[in-house]
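Read the structure below first, then the notes.
The values are calculated or read from the model by the stated rules, or taken from the named source; none is laboratory data. This is a predicted model, so every value here is computed, not measured. Backbone-built Cβ (ideal geometry, glycine too); neighbour counts: all protein chains shown.
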Amino acid sequence: MTDPPARPDDPDLPLLLKARGGDFAAFEALVGRLQNRVYGLAYRMLGEPHDAEDVAQQTFLSLVEHLKEFRGESAVAGWVLRIAANHALKHLRKRRGLPTVPLTDPAGSDEGYAEVPHPDFIADWRADPADLAERHEVRAAVDRALAGLDDKYRAVFVLRDIEGFSVREAADLLGISEANVKVRLLRARLALREILTRTFGDAATRVTPDHRHG
């Protein structure tokens with residue numbers, strides 16, 4: 001069996017190769033490097049700490065079982081996060097009691113942009129968004145806002161905007177078309193912005209729906 005192609009910019013690859021050779025300390029080090037990202041992805045997709053912990057455990061158990069399957073087609077972290085996303089999606093399916101993931105396209109149909117709702121609350125933010133993003137309360141508000149989204153929109157947002165998966169990768173993971181990934185991502189972004197604007201927006205500058213085009 002040949003090793004995956006060298007990726008000098010991937011700090012996790014040497015640990016994975018050592019772990020694949022039976023070095024348990026290297027595996028523990030790899031888990032230590034990735035566990036926060038794995039838990040974060042699972043928590044944002046599922047919204048429940050206990051479920052997120054289960055997914056993290058399942059992810060690293062799967063990693064032990066599939067170490068030899070890594071081919072170096074992506075960074076190690078991306079590969080592990082893909083495993084975590086798959087386990088998180090299985091939890092969503094189990095939670096709904098459905099035989100298939102409840103995020104797939106109905107009969108393979110594409111969702112249209114015409115169905116994307118217009119925001120009801122538009123206002124200037126009281127502080128610069130870039131500055132707000134560095135504040136703990138903003139990160140907490142984002143997590144709360146994510147928890148309020150429908151599963152299918154939250155999953156797309158987490159995969160694309162937080163974890164950086166490509167549109168194609170997100171579509172493959174969720175079992176939907178790339179077009180639907182884009183529509184759902186837009187809906188998620190609009191919904192999150194409106195929720196956060198209600199928290200951080202300046203009510204004095206609010207634009208009501210009746211005055212948007214005035």
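A few notes on this one:
- Residue within the range 56-70 that is within 18 Å of PHE165 (Cα to Cα) and not in a helix (DSSP H, G or I) present: yes
- Cross-chain or 6+ apart pairs with Cβ under 7 Å, the range 9-24 first and touching a residue at least 60 places away in the same chain (Cβ under 8 Å) and in a helix (DSSP H, G or I), then aromatic (Phe, Trp, Tyr) and crowded, with 17+ Cβ neighbours inside 10 Å: LEU16/PHE70
- Options GLY32, GLY78: the member that is part of a helix (DSSP H, G or I) and over 25 Å from VAL156 (Cβ atoms): GLY32
- Meets criteria (of a type in the set (Gly, Ala, Ser) and at pLDDT 95 or above) for ALA75: no
- Helices (runs of 4 or more DSSP H) within the range 100-214 that include 1 or more residues surrounded by fewer than 18 Cβ atoms within 10 Å (Cβ to Cβ) and at pLDDT 55 or above: 136-147, 167-174, 178-200
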